[in-house]
Amino acid sequence: MKYHFFNIHAQNPDSGQEALNTFCGQHRILAVEKQFVALGDNSFWSICVTTIDSTEKPNTAANKRPSVDYREVLNEQDFAVYAELRTLRKTLAEQEGVPAYALFTNEQLAEMVTRRTLTQTELASIEGIGKARLEKYGASFLNLLKTSLAKS
């Protein structure tokens, strides 16, 4: 895992934005964190992009995992909860301007449902969910899980 930092000036974002978009298109992105730094005319967005180390080029067939149809893997009730989690993930990702998988992967969402995850500790035990994701998104996803799993 590697960290890459970008600054995009608020008044003239074009060159920084282009560099960030080009970079993201060429790497396997694990997470994106952003912070606005207000300095008057010198204000900018500070962006940290976490990538997955790989000696192979990203987006090649060799790097892609086989697609899983969770309708077939999960029972009807679990799939309904999984679908709600995906909707929440999509909403939060759109609000933050990051790809949905930067929050949680489909596999992690399915694992939340099958494990009947209801606590921060249980959520943290899922592979790939670290402290930052837990602090940032854990409460929202756990609230939905508690409500939805109680119904099923």
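Residue-by-condition table, conditions (1) in a helix (DSSP H, G or I); (2) free of Cβ contacts under 8 Å to residues at least 40 places away in the same chain:
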site: Thr87; (1), (2): yes, yes
site: Ala93; (1), (2): yes, yes
site: Gln108; (1), (2): yes, yes
site: Val113; (1), (2): yes, yes
site: Thr121; (1), (2): yes, yes
site: Ile129; (1), (2): no, yes
site: Ala132; (1), (2): yes, no
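What number of residues within region 122-136 satisfy the criterion of being under 12 Å from the mean Cα position of the chain (by Cα) and either modelled with pLDDT of 95 or more or among the β-branched types (Val, Ile, Thr) (or both)?
First, the residues of region 122-136 that are under 12 Å from the mean Cα position of the chain (by Cα): 128-130, 132-134, 136.
Now drop any that are not either modelled with pLDDT of 95 or more or among the β-branched types (Val, Ile, Thr) (or both), which leaves 129.
Here the count works out to 1.
The values are calculated or read from the model by the stated rules, or taken from the named source; none is laboratory data. For clarity, every value in this text was computed on a predicted model and none was experimentally measured. Glycine also receives a Cβ, built like all others from the backbone with ideal geometry; neighbour counts cover every protein chain displayed.
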